[in-house]
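Everything on this sheet refers to the single structure shown next.
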Amino acid sequence: APQARRGAVTGSVGKTSVTRAVEAGLRRAGKAHASVKSYNNHIGVPLTLARMPRDTERAVFEVGMNHADEITPLSKFIRPHAVAITTVGPVHLENFAEGEIGVAKAKAEIFDGLEPGGVAVLNADNQWFDLLKAQAEKVGAAVRSFGRDGTSARLLDFVVEGAGATVVAELDGEAVSFPIRQTGVHWGPNSLCVLLMLEALGVDRATALAALAEFAPIEGRGAEQTVAVEGGAFTLVDESYNANPVSMQAALATLGARKVKGRRIVALTDMLELGPDSPRFHAQLAEPIAQADIDLVFCAGPLMMSLWNALPEMRRGGYADAAPELAEKIVAAVEPNDVVMVKGSNGSRAGAIAAALSALGRREQV
């Protein structure tokens, strides 16, 4: 059987969603294989490889890391024909003495197993683009870039309409605009990253665009639901799967861009693994919150106390030491037409808040 064309996706934010969207395109194009859930570490990657059927035509693997020297062996296992680095940001900083540049270098390990003549898909808007591009070119990769500064896929506009958006872009100088079922602003660049990866793995553009048009948000990663309450309903945006400064700012900007009938409310829990600068990263969220015109902020956790202290009185919805206690305060405060976004790290139990808000609708139906 001919060998499967393999892709690998890493990045500080968006790697699971991008991997899933690439997978959707691969499945439309033929016999495909992909990581399940976030099987992206030294156990998950070999497991995913071992499970790959012999007749697979194309495959995509998610690759993650908390430390240096973690991605190199995984990349060498996969031997990808195409790799993507969605973005690099201040994530898992506590394990990197040199800070964010250390994270960037660790992500660049994804190039270590690249097949000769392989493709590297990189975020042109990221501050580490030049460093990553140089590393990719060192191993002979063809670099394809995406984003507002992208040369291969240039993002021109991202227009949110209802439960989806239209991405307006230039692909290798050719104008395209296409619909997606996502409202998050980060899906402008993400969708272009997906298109470049699919192209590198031999999927034609029509198939790639059809897959993106149907790809729905994943639970805990921007999925929305309408929750019935007395007198109407509110919208729950569940971003509870994970959080770091990059994804938090994107989620806040997305909420700010929405047209709302009621109030914009956020429930935030601690962002973990950010090292000694952690309180500052939390306090700095006050600025994007103000820009997004958020009406009420609910915070849970010792680190979120730094944000709480930085908020003006009028925006303070409620504070609790832990997520389950905070859930009760939000449940009591929510009203019809509100849009409520829940976001935080998995370890700080943001999911408990999303679950409590979701359960309100079931209570109404009983």
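The values are calculated or read from the model by the stated rules, or taken from the named source; none is laboratory data. These figures come from a predicted structure and were not determined experimentally. Because the Cβ atoms are built from the backbone with ideal geometry, glycine has one as well, and the counts that use them run over all protein chains shown.
Return the pair list, or none, for Cβ contacts closer than 7 Å from residues in the range 141-163 that are more than 19 Å from Thr183 (Cβ to Cβ) and in contact (Cβ under 8 Å) with a residue 12 or more places away in the chain to residues that are among the β-branched types (Val, Ile, Thr) and surrounded by fewer than 18 Cβ atoms within 10 Å (Cβ to Cβ), at least 6 apart or on different chains.
Hits for this filter: Ser145/Thr151.
Which residues, taken from the range 174-202, are small (Gly, Ala, Ser) and at pLDDT 95 or above?
First, the residues of the range 174-202 that are small (Gly, Ala, Ser): 175, 177, 184, 188, 191, 200, 202.
Residues satisfying the conditions are Ala175, Ser177, Gly188, Ser191, Ala200, Gly202.
Of all the strands (runs of 3 or more DSSP E) wholly in the range 287-366, which have at least 3 residues that are crowded, with 23+ Cβ neighbours inside 10 Å and either at pLDDT below 95 or of a type in the set (A, V, I, L, M, F, W, C) (or both)? Full working, then the answer.
Numbers: elements: 296-300, 316-320, 339-343.
Because the criterion is at least 3 residues that are crowded, with 23+ Cβ neighbours inside 10 Å and either at pLDDT below 95 or of a type in the set (A, V, I, L, M, F, W, C) (or both), the strands (runs of 3 or more DSSP E) in the range 287-366 that meet it are 296-300, 339-343.
Checking the conditions here, which among Ala134, Ala153, Ala206 is over 22 Å from Val13 (Cα atoms) and among the hydrophobic types (A, V, I, L, M, F, W, C)? Lay out the reasoning, then the answer.
Details: Ala134 fails: over 22 Å from Val13 (Cα atoms); Ala153 fails: over 22 Å from Val13 (Cα atoms).
None of the other options fit; the residue is Ala206.
Suppose the filter is more than 21 Å from Arg349 (Cβ to Cβ), modelled with pLDDT of 95 or more, in the same structural domain as Ala32 (by TED's automatic domain parsing) and not small (Gly, Ala, Ser); does Arg205 pass it? Walk me through it before giving the result.
Values: more than 21 Å from Arg349 (Cβ to Cβ): yes; modelled with pLDDT of 95 or more: yes; in the same structural domain as Ala32 (by TED's automatic domain parsing): yes; not small (Gly, Ala, Ser): yes.
So Arg205 passes the test.
Being among the hydrophobic types (A, V, I, L, M, F, W, C), outside any strand (DSSP E or B) and on the phi < 0 side of the Ramachandran plot is the requirement here; does Ile265 meet it? Show your work before the answer.
On the way: among the hydrophobic types (A, V, I, L, M, F, W, C): yes; outside any strand (DSSP E or B): no; on the phi < 0 side of the Ramachandran plot: yes.
For Ile265, the condition - among the hydrophobic types (A, V, I, L, M, F, W, C), outside any strand (DSSP E or B) and on the phi < 0 side of the Ramachandran plot - is not met.
Can you tell which of Gly44, Gly14, Gly89 is touching a Pro at 6+ places or on another chain (Cβ under 8 Å), surrounded by 16 or more Cβ atoms within 10 Å (Cβ to Cβ) and closer than 28 Å to Gly184 by Cβ? Outline the logic, then answer.
On the way: Gly44 fails: touching a Pro at 6+ places or on another chain (Cβ under 8 Å); Gly14 fails: touching a Pro at 6+ places or on another chain (Cβ under 8 Å).
On inspection, the qualifying residue turns out to be Gly89.
Scan the range 67-86 for residues that are farther than 20 Å from Ser278 by Cα and part of a loop (DSSP other than H, G, I, E, B) and report the count.
Summing the residues that are farther than 20 Å from Ser278 by Cα and part of a loop (DSSP other than H, G, I, E, B) in the range 67-86 gives 7.
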